[in-house]
Amino acid sequence: MSETIKIGVSACVLGEKVRYDGSHERDLYLTETLAKYVEFIPFCPEIACGMSVPREKVRQIDCGGKIKLIGQDSGEDWSDRMDRWCTKVLPGLESEKLSGFVFRSRSPSCALRQSTIFSTTGKPPKKGPGFFASRAIKMFPLFPVEASERLHNPLLRENFIRRVFVFSRWQRLESKGKKIGELVDFHNRHKMIIRSHDLRGYRQLGKLFGESSVFNNEEIFDAYSSLLFKSLSLKATPKKNAEVLKHALRFIQKDLPKDDSSELLGMINAYKSGRIPLLVPITIINHYARKLDQSYLRQQYFLNPHPSELKLLNHV
Ligand code: SF4
């Protein structure tokens, strides 16, 4: 990967002591492992909009349909200050070329989904995104985003990092100018990844190229990216990955001795049922793709989605 991949992260998750009580919530996976392969851009919206450490807790309150960020004891309204900071900072993140966000779970400012939103009308509290996160998601709807706690789940972690790497390659593609030939090449290399998330979306993306004479390049790129990242936001499960591995097997099956082919199919089924990690059938398919010089498989990012040192394919 020639260019550094940048991910925006809630600062307390990186170990910065910015929480209301002066503590942090350092996440060891992010700081000890992933940090070797990506650059983190920390942000703490509460500090950035003028809150101090230590400080009173804030919470989100639904005031007749408008959600406000309010000090828990003082009732101080931070909404406008946080909004002003969001308006100032969020557009600038475009030029930072971030390829994703990790938001600290359950925070009234940063949570992706699980912030408690209280009501002034006596209705029971509901759950929703934090004050800052809701604005970031609105401004960057295609961005890979994940909650810090969910990254402890190996399947969700692999899904997120896979999307971040795809997004980074997409950014590089766009930066070269919007050329249809380059887009076709990008699509060809990501075919198996897209299939592993969303087969229907994969088919819709393929149809877009048939319409390339109707739309200009800008429109094709916009339509492609919306569909692509919508598809990738669906989870790639062992069942879907196994279907893609079987699809890969069809490209090499005719050149393999029957026993080897059956053994590989057995491995794919063992992976699907949770007995071996994804790494095993992927390693074998990579081996045969190289040995047989199978050009379609050799170019597939699905078989090399991110640096192997991250060990994201090793879990069962
Ligand atoms: S506002 Fe976000 S970054 Fe700051 S302490 Fe709260 S969760 Fe952490």
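Here are a few things to note about the model shown:
- With 0.36 nm allotted per residue and the present C-alpha distance subtracted, the residue 53-residue 286 stretch has 78.8 nm of extension available.
- Residues residue 97 and residue 126, FRET efficiency given R0 of 45 Å [Cβ-Cβ distance, rounded to 0.05]: 0.85
- Take each peptide in 246-258, 226-238, 99-111, count the other Cβ atoms within 10 Å of every residue, and average; sorted highest first, the result is 99-111, 226-238, 246-258.
- A protection proxy built from the mean count of other Cβ atoms within 10 Å ranks the segments 179-192, 126-139, 273-286, most packed first, as 126-139, 273-286, 179-192.
- Rolling a 1.4 Å probe across the protein heavy atoms gives the chain an accessible surface of 49 Å² per residue.
- Percentage relative contact order, the chain, counting C-alpha pairs under 8 Å, at least six apart: 13 percent
- Rolling a 1.4 Å probe over the protein chains gives residue 309 an accessible area of about 110 Å².
- Distant-in-sequence amide contacts of residue 58, defined by a placed amide H-H separation under 5 Å and a gap of 5 or more residues or a different chain, comprise 72.
- Rounded Å value of the spacing that divides the Cα centres of region 1-41 and region 83-145: 17 Å
- Of all DSSP beta bridges confined to the chain, the antiparallel ones make up roughly 40%.
- Modelled FRET efficiency - R0 51 Å, residue 270 with residue 138, Cβ distances, 0.05 increments: 0.75
- Given their separation in residues at 0.36 nm each and the Cα-Cα distance between them, residue 246 and residue 293 gain 15.1 nm when the chain is fully extended.
- Estimated distance in nm for a label pair at residue 217 and residue 256, the labels positioned 7 Å out from Cα along Cα-to-Cβ: 4.0 nm
- FRET efficiency, 1/(1 + (r/R0)^6) with R0 25 Å, evaluated for residue 237 and residue 188 via beta carbons: 0.55
- Surface composition of the chain: carbon plus sulfur atoms contribute 51% of the solvent-accessible area (1.4 Å probe, protein chains only, all chains present).
- With 0.36 nm allotted per residue and the present C-alpha distance subtracted, the residue 63-residue 31 stretch has 7.7 nm of extension available.
- Subset of 127/230; 57/127; 36/311; 97/138 violating a 20 Å alpha-carbon distance limit: 127/230
- When only alpha carbons are used to place a centre, region 256-309 and region 58-79 end up 52 Å from one another.
- Counting every C-alpha pair in the chain, the share spaced more than 30 angstrom apart comes to 43%.
The values are calculated or read from the model by the stated rules, or taken from the named source; none is laboratory data. Small disclaimer: the values here were computed from a predicted structure and weren't measured. In this analysis, Cβ positions are derived from the backbone assuming ideal geometry, glycine residues included, and neighbour counts consider all displayed protein chains. When the accessible area is computed, the model is the full protein with side chains, heavy atoms only, and any ligands, DNA or RNA have been set aside. Shrake-Rupley method; radii C 1.70, N 1.55, O 1.52, S 1.80 Å.
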